[in-house]
Amino acid sequence: MRLSSLFLAVVVLESLLVPRMGTAQDATPCPKAHAHNDYLHERPLLDALDRGFCSVESDIFLVDGKLLVAHTRSELSPDRTLQSLYLDPLRKRVQSNAGSVHKGVPNFTLLIDIKTDGASTYRKLHELLSEYNDIFSRVENGKAHPGAVTAIVSGNRPTELIAAEKIRYVGVDGRLTDLESEVPSHLMPLISDNWSLHFKWRGVGKLPDEDQRKLVSIVEQAHKKNRRVRFWATSDNATVWAALNEANVDLINTDDLQGLSQYLRSKP
């Protein structure tokens, strides 16, 4: 085999074996698609971006002054930081994509679930996000300044500490008990809750009328306050996705990236 032919063969082989990095020309955006526990996928963030997801979720632990990403403490690794898995790739994406994560979609959601002490972990998160103020939405002296990425804190949420910031880079993930809250939507832009605690239906057969009325009412109440809605602990199948989509739930939670992206693209 000639040297040139061998080189070509190596290049082709590498293109098949090396995972493709997320690019500005990836799949058509799916604004409702939310990657639950995104960091558990083979390529955190990038797998979701390649399927057009516009929202991803990352659990964080404060360990020795660093924000590490994992589902449990036993899975922590010093090289899996919030910066390396999410912040740096998002900044690179925004810079190479004319100021947005996905073309045609003005905002991308990074949901950050705090697993360690809320106050101390948030303080470190605030310090870190301030270093990425070129891509993140912020609220300064009560005035919202949209950015390419909006960070929302879930889990252990030190709401009062967050609300007191003069310059704030995160919003707070509310619960169904917050539907009537009067706090501004830039402080609480999202309402999330555990589906199984509020609905009887588990994704088999038709959504019962009682549950459907309740779901529609929740979405309407949230939208009146300019908040989005998400549920976790939903069954991961097309029947559930259809019920949530038809009720105009804003973010559809999934661990099945390919399945949800294909479903949403099949809808008009």
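Run lengths n ≥ 4 of DSSP H only: what is the helix-derived mean residue ellipticity at 222 nm for the chain, with -39500 (n - 2.57) per run over all residues, to the nearest 500?
Working: 8 runs with 81 residues, N = 268.
Estimated from H runs of four or more residues: -9000 deg cm²/dmol.
Structure shown: which of K103/K143; K66/K143; K66/K225; K66/K92 lie over 32 Å apart, alpha-carbon to alpha-carbon? Each step should come with its number before you reach the end.
Details: K103/K143 26 Å; K66/K143 30 Å; K66/K225 35 Å; K66/K92 21 Å.
Too far apart for the 32 Å limit: K66/K225.
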Springs between alpha-carbon pairs under 10 angstrom, Gaussian network model over the chain: which of Y132, Y169, Y39 fluctuates most? Y132
Want the number for R73 to A98: 0.36 nm per residue separation, take away the alpha-carbon distance, what's left? 5.3 nm
In what sequence, largest accessible area first, do E210, E246 appear using a 1.4 Å probe? E246, E210
Where nothing but the Cβ of Lys and Arg (+1) and of Asp and Glu (-1) is charged, how large is the charge dipole of the chain around its Cα centre, in debye to the nearest 20? 500 debye
Students sometimes get this wrong: rank D134, D256 by accessible area, probe 1.4 Å, all chains present, largest first. D134, D256
Given the whole protein assembly as supplied and a 1.4 Å probe, what does the accessible area of W232 come to in Å², nearest 10? 70 Å²
Note the listed values (1) 72, 47, 39; (2) 47, 38, 37; (3) 92, 44, 35, then indicate which one is Cα extents along the principal axes in Å calculated from this particular structure. (1)
Express the relative contact order of the chain as a whole percentage, based on alpha carbon pairs under 8 Å and six or more residues apart in sequence. 16 percent
For a label point 7 Å along the Cα-to-beta-carbon line of Q262, residues of the range 233-251 with backbone N under 12 Å: 238
By how many nm would the segment from E165 to D88 grow when fully extended, if each residue of separation counts as 0.36 nm and the alpha-carbon distance is taken off? 25.3 nm
Using the basic label-point model (7 angstrom from Cα toward the beta carbon), what is the W232 to K66 distance in nanometres? 2.4 nm
At R0 = 22 Å, FRET efficiency that the Cβ-Cβ distance of K124 and S181 yields, to 0.05: 0.25
Full-extension gain in nm, K224 to N248, via 0.36 nm per residue minus C-alpha separation: 7.3 nm
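Quick one: dipole size for the range 192-256, taken about the Cα centre, charges +1 on Lys/Arg Cβ and -1 on Asp/Glu Cβ, in debye to the nearest 20. Present the calculation step by step, with values, prior to reporting the outcome.
Working: 10 positive and 10 negative charges, 62 e Å.
Roughly 300 debye for the range 192-256.
Out of the DSSP beta bridges found with both residues in the chain, what percent are antiparallel (nearest 5)? Write out the running numbers ahead of the final one.
Working: 11 of 42 bridges.
Antiparallel bridges: around 25 percent, rounded to the nearest 5.
The values are calculated or read from the model by the stated rules, or taken from the named source; none is laboratory data. Please read all numbers here as calculations on a predicted model, not as lab measurements. FYI the Cβ positions are ideal-geometry reconstructions off the backbone, even for glycines, and counts take in every protein chain you see. Keep in mind that these areas ignore ligands, DNA and RNA; they rest on the heavy atoms of the full protein, side chains included. Shrake-Rupley method; radii C 1.70, N 1.55, O 1.52, S 1.80 Å.
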